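The values are calculated or read from the model by the stated rules, or taken from the named source; none is laboratory data. Not measured: the values here are computed from a predicted model. As a convention, Cβ positions derive from the backbone with ideal geometry for all residues, glycine included, and neighbour counts pool all protein chains shown.
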Amino acid sequence: MQYNLKKMEEADLNKQTVLVRVDFNVAISNKKIMNTKRIDSTIPTINYLESKNCRIILVSHLGRPRGVDMNLSLQPVRDYLSEKLNKEVYFIKNIESINETVNRMNYGDVAIMENIRFYNEETKNSEKFSKMLASSASVFVSDAFGTLHRAHSSTVGVSQYLPSYAGLLVEKEVCEISKLLDNPSHPYTVALGGAKVSDKIKLIQNLSKNTDRFVIGGAMANSFIRAMGFETGKSLVDSVGLAKQLLDSMDNKLILPVDVIVCNESMDRETIRNAKIDDIKINETAMDIGNETTAMFRDLIKESRTVIFNGPMGYVENESFENGTKAVMDAIGSVNGVRVAGGGDTLSAIEKFHMENRFSYISTGGGAFLELLEGSELPGLKVLLK
Ligand code: ADP
Ligand code: MG
């Protein structure tokens, strides 16, 4: 799929007032930002607009507030940005004061608006609200890759009223993800894990057009194990019907576990054992891929030239069940080719194990990353196409 983006480098942005939608939806605990990657990834776009002497108004959401909720304020992000950019970043408390702030700004100055989802008009993509947002600026730049799958006022609505361009992060993400869809090198392996088959079915269907195989682990694999007629005990199982359907339609591309790490419900260490998939007891829970499966997945990954990784292979929140995920990521690190990861919990796992260097590209998107790979039309991307 070719995405012909309206790139901001192609526009005359000199001394414009630019509304920039970014995705600063980061985890914040006690006013401390737990991971700054999403913010850091937009710095090139901010720097570019600074170099064009623009007045920059950053807009983002944070979490899912219902109305104003100061626990989800973007103030900590403003403070971090000030530090990072080494200058004052204006804070716009509400939409009514945008113009007043813009009038105080010099060219090259940066402002950030309070959490845009404090207004419920945002997610409704309200026309009036979009117009109001747009009225403060002369140009719209969208750099919120992680939110492009949402048709909201600040991702889609404003583009009706302003010339709109893709920022550098969106450009990079689309370019890297397109490589996975257009003429990829083979062998091409998708390592899929995580919670549910139903979350990943469209992805499997679309990617199966040009991938060679899916190595499937995580809780997701349990649905397949059940669909093959085996006992899965107390394991997390999602849609067995969907798993059956996939087994019937493309089983030669689906590589499933032959063994799993199981334990009893209380997760007592003494109950942890490696079990063949036809030997899971009714009181046991499958928590990770087994040793033989791990070795098999590792070999298939290593000989690949393109690998996508989405979804942990086990319950990585507990260290007893992180081995499969770590081994898969290690194998990806030795692949001579394209090695891309994406997904919310996937990123957390990569960061937890400090395995960022195993990948040639790590997407900042969760849902947007998956939807782009699914071949879905992302509303926030559509408005940035020529
Ligand atoms: P992503 O957000 O990267 O797309 P998912 O949301 O699909 O990933 O899945 C991540 C979650 O799946 C993790 O929290 C992990 O603990 C869980 N998980 C993986 N394997 C298992 C398992 N065998 N049993 C229970 N949970 C699992
Ligand atoms: Mg998730």
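Computed values, structure above
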{"item": "Selection status of D238, at pLDDT below 95, within 12 Å of ligand 1 (Cβ to nearest atom) and out of contact with any strand residue (DSSP E or B) (no Cβ under 9 Å at 6 or more places or on another chain)", "result": "yes"}
{"item": "Single residue of the range 169-200 satisfying the filter (among the aliphatic types (A, V, I, L, M) and in contact with a Ser or Thr (Cβ under 8 Å, 6 or more places away or on another chain)) that is farthest from K6 (Cα to Cα)", "result": "V197"}
{"item": "Total residues in the range 329-371, condition within 16 Å of ligand 2 (Cβ to nearest atom), under 12 Å from the mean Cα position of the chain (by Cα) and among the aliphatic types (A, V, I, L, M)", "result": "5"}
{"item": "Every pair of residues 6+ apart whose Cβ atoms lie under 6 Å, when the first sits in the range 99-115 and is within 16 Å of T45 (Cα to Cα) while the second is of a type in the set (F, W, Y)", "result": "A111/Y90"}
{"item": "Residue ranges of strands (runs of 3 or more DSSP E) in the range 1-94 with at least 3 members within 23 Å of T364 (Cβ to Cβ)", "result": "17-21, 55-59"}
{"item": "Boolean, T364 is part of a loop (DSSP other than H, G, I, E, B) and either at pLDDT below 95 or crowded, with 20+ Cβ neighbours inside 10 Å (or both)", "result": "yes"}
{"item": "The range 66-84 residues that are closer than 16 Å to N94 by Cβ, paired with ones that are at pLDDT 95 or above and of a type in the set (D, E) (beta carbon under 6 Å, 6 or more apart)", "result": "L74/E114"}
{"item": "Of residues in the range 153-203 being at pLDDT 95 or above and β-branched (V, I, T), the one nearest to S136 (Cα to Cα)", "result": "V158"}
{"item": "The listed residue being under 21 Å from the mean Cα position of the chain (by Cα) and within 16 Å of ligand 2 (Cβ to nearest atom), out of S142, S198", "result": "S198"}
{"item": "Number of the condition not met by H354 [criteria: (1) in contact (Cβ under 8 Å) with a residue 40 or more places away in the chain; (2) farther than 17 Å from E176 by Cβ; (3) away from ligand 1 (no atom under 15 Å from the Cβ)]", "result": "(1)"}
{"item": "Any hit, the range 174-183, residues being surrounded by fewer than 24 Cβ atoms within 10 Å (Cβ to Cβ), farther than 24 Å from T294 by Cα and free of Cβ contacts under 8 Å to residues at least 12 places away in the same chain", "result": "yes"}
{"item": "Condition met for S223 (buried (at least 23 other Cβ atoms within 10 Å of the Cβ), closer than 30 Å to F24 by Cβ and more than 16 Å from ligand 2 (Cβ to nearest atom))", "result": "no"}
{"item": "Scope the range 242-298; condition free of Cβ contacts under 8 Å to residues at least 24 places away in the same chain, not hydroxyl-bearing (S, T, Y) and not in a strand (DSSP E or B); matching residues", "result": "K244, Q245, L247, D248, D251, N252, D268, E270, D279, A295"}
